[in-house]
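A quick write-up on the structure given underneath.
The values are calculated or read from the model by the stated rules, or taken from the named source; none is laboratory data. As the structure is a computational prediction, the values presented were derived from the model and not from experiment. FYI the Cβ positions are ideal-geometry reconstructions off the backbone, even for glycines, and counts take in every protein chain you see.
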């Protein structure tokens with residue numbers, strides 16, 4: 001195979017991503033001179049402030065459909081929260097923290 005075109009990136013590059021399948025296809029079928037598109041991705045990190053969103057996420061567990069689920073609040077406080085962020089909530093400029101190259105992993 002000369003070219004692999006794939007939508008392998010998930011949220012934050014890896015959450016629900018298809019990188020495992022891409023790497024299997026690369027190793028099994030891609031010609032040594034073949035190309036992968038996209039061939040790399042960069043993960044950026046930026047600070048944000050969203051107290052209302054965090055409160056909604058954590059307080060959701062107080063009563064879920066009438067059931068007391070408060071014991072799950074502790075897990076919610078330590079779990080990553082993946083969501084779209086309005087640009088006004090970003091409090092410092094994003095910095096590159098990780099680069100994934102499909103030919104080297």
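Considering the conditions (1) surrounded by 15 or more Cβ atoms within 10 Å (Cβ to Cβ); (2) modelled with pLDDT under 85, residue 41 is excluded by exactly one of them, (2). Summed over the stretch 1-38, the residues that are within 19 Å of the chain's Cα centre (by Cα), surrounded by 12 or more Cβ atoms within 10 Å (Cβ to Cβ) and either outside any helix (DSSP H, G or I) or modelled with pLDDT under 85 (or both) give a count of 11.
For the stretch 14-45, residues that are without any contact (Cβ under 8 Å) to a residue 12 or more places away in the chain, over 30 Å from residue 91 (Cα atoms) and touching a strand residue (DSSP E or B) at 6+ places or on another chain (Cβ under 7 Å) total 0. Note on the stretch 46-105: residues that are within 30 Å of residue 29 (Cβ to Cβ), in contact (Cβ under 8 Å) with a residue 24 or more places away in the chain and in a loop (DSSP other than H, G, I, E, B) amount to 3. Yes or no: residue 41 in a strand (DSSP E or B) and under 13 Å from the mean Cα position of the chain (by Cα)? So residue 41 passes the test.
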